[in-house]
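Take a look at the structure below.
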Amino acid sequence: MKSEYNKGYVKLWRSIAQKQWWNEWKTSRLMIVILLNANWEDRICDGIEVKRGQLLTSYKALAKMSGLSVQEIRTALKHLEATHDI
């Protein structure tokens, strides 16, 4: 059975390829995983309000979704935070 997250689409601007981290494949992969899994509507998850565009997750869950290690996730998140993309 398919999850509701497997439906729909994500609008991706071509300008994402101009980001300084774009050629770092691990960071690019993580950003796409985040975009694909972010909430598309406000919802309550485990008693926490998670708004549209936000993602409630963990390093371990991101590693499983992306195929990267937890350390690679931490490094990629630092790149995305430094450029204010997340």
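The values are calculated or read from the model by the stated rules, or taken from the named source; none is laboratory data. Keep in mind that what you see is a predicted model, and the values were worked out from it rather than measured. Because the Cβ atoms are built from the backbone with ideal geometry, glycine has one as well, and the counts that use them run over all protein chains shown. In case anyone asks, the SASA skips ligands and DNA or RNA and just uses the protein heavy atoms, side chains included. Shrake-Rupley method; radii C 1.70, N 1.55, O 1.52, S 1.80 Å.
Of note:
- Length released on extending from Asp85 to Lys64, taking residue separation times 0.36 nm less the Cα-Cα span: 5.4 nm
- Normalised by 2.2 N^0.38 Å, where N counts its residues, the alpha-carbon radius of gyration of the chain equals 1.12.
- Taking Cα centre as origin and charging only the Cβ of basic (Lys, Arg, +1) and acidic (Asp, Glu, -1) residues, the dipole magnitude of the chain rounds to 260 debye.
- Lys pairs under 17 Å by Cα in the chain, provided they are eight or more residues apart or on distinct chains: 6
- Distance (nanometres) between label positions extended 7 Å along Cα→Cβ at Ile16 and Leu56: 2.4
- Among Ile16, Ile44, Ile32: highest mean-square fluctuation, GNM of the chain, C-alpha pairs under 10 Å: Ile44
- Of the residues Leu12, Leu56, Leu30, the one that moves most in a GNM of the chain with alpha-carbon contacts below 10 Å is Leu12.
- Options Ile34, Tyr9, Tyr59, ranked by Cα towards positive dipole end of the chain, top entry (Cβ charges): Tyr9
- Excluding ligands, DNA and RNA, the accessible surface per residue across the chain is 80 Å² with a 1.4 Å probe.
- Phi angles across segment 77-86 convert, under the Karplus curve 6.51 cos²θ - 1.76 cosθ + 1.60 with θ = phi - 60°, into 3J(HN,Hα) values of 5, 4, 4, 5, 5, 4, 9, 6, 8, 9 Hz, Gly and Pro given as x.
- Nonpolar atom fraction for the chain, defined as the carbon and sulfur part of the 1.4 Å probe accessible area, stands at 52 percent.
- Karplus (6.51, -1.76, 1.60) ³J(HN,Hα), θ = phi - 60°, over segment 61-67, in Hz, Gly and Pro reported as x: 5, 5, 4, 5, 5, 9, x
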